[in-house]
Amino acid sequence: MEIVVFAEQFRNGRWDVWEHTCSPKEVQAVVSSALARANDRSLNAKPTHDDFLESARSLFEVAHSPVKRPDEGDTRVYCVCVDQLVIGVYEKIRQYSQRLAETHDFAQAGLRMSA
């Protein structure tokens, strides 16, 4: 199973995008946490999408300071991809996708100008 976590991370005085592919141990931790959340609701329950997102948040968010005073490295998870399934906050995913498209368009324009 592959799990990729998307978040905002506070670096150099501003929030920036952060993407992390989980190691096998991190995958096991997210899955175990999601299973535990599901079992808290009902014995032998299957994890929901929200269980996976909340598990990733609890494992990767280190933001404990108020939003007005974030510390270097604070992280706010907004999306988790489990294999091919995307689970997250729509607006944040849209912003991230738009930013990638703009970066791609800028790079393509630069390549055309240098040719």
Return a yes/no flag: does segment 47-54 have any residue that is closer than 16 Å to I87 by Cα, among the aliphatic types (A, V, I, L, M) and over 12 Å from the mean Cα position of the chain (by Cα). no
Could you grab me the full set of residues in segment 10-31 that are surrounded by 12 or more Cβ atoms within 10 Å (Cβ to Cβ) and in a helix (DSSP H, G or I)? E26, V27, Q28, A29, V30, V31
For segment 37-47, the count of residues that are more than 17 Å from E2 (Cα to Cα) and surrounded by 13 or more Cβ atoms within 10 Å (Cβ to Cβ) equals 4
Among A56, A7, which is the only one that is assigned to a strand (DSSP E or B), of a type in the set (G, A, S) and either surrounded by 14 or more Cβ atoms within 10 Å (Cβ to Cβ) or touching a helix residue (DSSP H, G or I) at 6+ places or on another chain (Cβ under 9 Å) (or both)? A7
Taking into account only those residues within segment 80-99 that are at pLDDT below 85 and surrounded by 11 or more Cβ atoms within 10 Å (Cβ to Cβ), which is farthest from the chain's Cα centre (by Cα)? R99
Filter result (in contact (Cβ under 8 Å) with a residue 12 or more places away in the chain, out of contact with any helix residue (DSSP H, G or I) (no Cβ under 6 Å at 6 or more places or on another chain) and assigned to a strand (DSSP E or B)) within segment 74-101: R76, C81, L85, G88
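The values are calculated or read from the model by the stated rules, or taken from the named source; none is laboratory data. Computed from a predicted model, the values in this text were never measured in an experiment. Here Cβ is always computed from backbone atoms with ideal geometry, including for glycine, and neighbour counts include all displayed protein chains.
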